[in-house]
Amino acid sequence: DNWLDGKKYMVEFVSANPTGPMHMGNARGGVLGDTLASVLDWSGANVWREFYVNDFGNQIEKFAKSIEARYFQLIKGEDAVEFPEDGYHGDDIKELAQAFYAEHGESYLDKTEAERHADMARFGLDRNIPKMKSDLERYGIKFDEWFFESSLHESGFVADTAKKLTDLGWTYEKDGALWFKSTDYGDEKDRVLRKSDGTFSYLTPDIANHVYKVERGYPLLVDLWGADHHSYVIRMQNALTALGYPKGTLEVDLIQMVRMVEDGKEVKMSKRTGNAITLRELCEDIGVDAARWFFVSKDVATHMDLDLKLARSKDNNNPVYYAQYAYSRMCSILKNPQIPEFKPVDSYDRLTDEKELQLLKMISEFPKEVAADALNRKPNKMTEYIISLVKVFHSYYNSTKVNNPDDPELTNQRLGLIKATMITLKNALQLIGVSAPETM
């Protein structure tokens, strides 16, 4: 009944700008994408997790200029050098400039601007990307590939994609630029593919990226993007349709904004650094389990407030604590030396209590739940399933005596039920990347 058997999906998520540290938006998209990939995987699909690195174009030039300005300021003094208005103002840029200066001294004063920019951008990316990787791994996310936009330009794939659209009759030249006839697909205006200065607009490498995913053997693409990309989704789907790919090749989930809240007030800045809260700081503050749970628990399309006090709390009001506590409770029952060891049996006919039947029903529905979450792309539903399962377990545990010394058969069947509930709970927690501690 695995309807996704062998279907090949590529899920692209996070794909944060490599010009600075990971922040909150990345935290939400990260766990939603990661959990979606997990439920697809469990439903029999063949899933590839990809991070698309924008290491080309305007923001990389801006990144290089920002490092360059801080480098010049180190040498000539801060007042002697103007910092670009639209540059990256964070302390991380100052640190990169200092590291660059420590390695190269003043030798880059004599180089051409083009050489300086190329080397400074490379220097910055070579330091930022490993940091991004380690922050994400700490958050429980590993990608199968970090795919670089620059590789699409270097291989000529971007130019080939524009040519393919032209050969198919979907472009025209106007004012020295190459345009995609996106109005033919209901877009409000046609879109520039190649600007009059000969460089490609950001749309063209993005189309090329998606074409290349399919060419690499992944006919089903799911991307998670920030909510501000609404009109861009249609544009990307139109381009793929124009190139002859079937409808449904690319699905995009747009992630709404997150607010951090403490004592009813929004928290925008880190108390420690005074800058925006990074993914790393959040994991240090509330812990990876709580961060992953809270971010995956709300539908991608809803705005969410993350209550920091609740996420830190160690009581049953905190849903992740409530779920983990249930798991450790099950472990302690099964490990209790006063209780006989469970022996598998063929029949569980003594489990007739209403709550036992409810638990059995929920356990048997787990595979269906996973498949539905995959099919509907609703990874948040897994937390709802966990809470329902745990609620029934807690109430069963509080109302029923598992160990009946005068009725070993019933005791054994009840232990079997607890073991099955425990395995199911652990699997469900594993899908969202939350740990199942044996003791708490």
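Only one of the listed residues (Arg138, Arg28, Arg70) is within 30 Å of Gln256 (Cα to Cα), at pLDDT 95 or above and either open to solvent by 40 Å² or more (accessible area, probe 1.4 Å) or over 27 Å from the mean Cα position of the chain (by Cα) (or both). That residue is Arg138. Residues in segment 1-49 that are among the charged types (D, E, K, R) and over 13 Å from Tyr139 (Cβ atoms): Asp1, Asp5, Lys7, Lys8, Glu12, Asp41, Arg49.
I'd like to check something: does segment 55-62 contain any residue that is aromatic (Phe, Trp, Tyr), modelled with pLDDT of 95 or more and in a loop (DSSP other than H, G, I, E, B)? Checked against the condition, which is being aromatic (Phe, Trp, Tyr), modelled with pLDDT of 95 or more and in a loop (DSSP other than H, G, I, E, B), segment 55-62 yields at least one hit.
Considering only segment 63-80, I want to know if a residue exists there that is part of a loop (DSSP other than H, G, I, E, B) and within 23 Å of Phe148 (Cβ to Cβ).
Checked against the condition, which is being part of a loop (DSSP other than H, G, I, E, B) and within 23 Å of Phe148 (Cβ to Cβ), segment 63-80 yields no hits at all.
Among the residues of segment 372-381, those that are within 12 Å of Ala428 (Cβ to Cβ) and either in a helix (DSSP H, G or I) or without any contact (Cβ under 8 Å) to a residue 24 or more places away in the chain (or both) comprise Asp373, Lys381.
Filtering segment 144-203 to residues that are charged (D, E, K, R) and closer than 24 Å to Arg216 by Cα leaves Asp144, Glu145, Glu149, Glu154, Asp160, Lys163, Lys164, Asp167. If a residue has to be surrounded by fewer than 19 Cβ atoms within 10 Å (Cβ to Cβ) and either closer than 18 Å to Leu36 by Cα or without any contact (Cβ under 8 Å) to a residue 24 or more places away in the chain (or both) to count, how many in segment 382-440 make the cut? Looking only at that region, the number is 13.
Consider segment 87-103. How many of its residues are open to solvent by 60 Å² or more (accessible area, probe 1.4 Å) and either modelled with pLDDT of 95 or more or not acidic (Asp, Glu) (or both)?
Total satisfying the criteria: 7.
The C-beta contact set for segment 242-255 (first residue closer than 15 Å to Lys213 by Cα and polar (S, T, N, Q), second residue part of a loop (DSSP other than H, G, I, E, B) and open to solvent by 20 Å² or more (accessible area, probe 1.4 Å), distance under 9 angstrom, 6+ apart or interchain) comprises Thr249/Pro219.
Of all residues in segment 187-203, those satisfying the criterion of being in contact with a helix residue (DSSP H, G or I) (Cβ under 9 Å, 6 or more places away or on another chain) and either open to solvent by 70 Å² or more (accessible area, probe 1.4 Å) or without any contact (Cβ under 8 Å) to a residue 24 or more places away in the chain (or both) are Glu188, Lys189, Asp190, Val192, Tyr202.
Residue by residue, here is whether (1) surrounded by fewer than 15 Cβ atoms within 10 Å (Cβ to Cβ); (2) of a type in the set (A, V, I, L, M, F, W, C); (3) over 31 Å from the mean Cα position of the chain (by Cα) holds:
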residue: Pro340; (1), (2), (3): yes, no, yes
residue: Ser347; (1), (2), (3): yes, no, yes
residue: Leu360; (1), (2), (3): no, yes, yes
residue: Ile363; (1), (2), (3): no, yes, no
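The values are calculated or read from the model by the stated rules, or taken from the named source; none is laboratory data. Small disclaimer: the values here were computed from a predicted structure and weren't measured. Neighbour counts run over all protein chains shown; Cβ positions are idealised from the backbone, glycine included. These area figures cover heavy atoms from the full protein model, side chains too; ligands, DNA and RNA do not enter into them. Shrake-Rupley method; radii C 1.70, N 1.55, O 1.52, S 1.80 Å.
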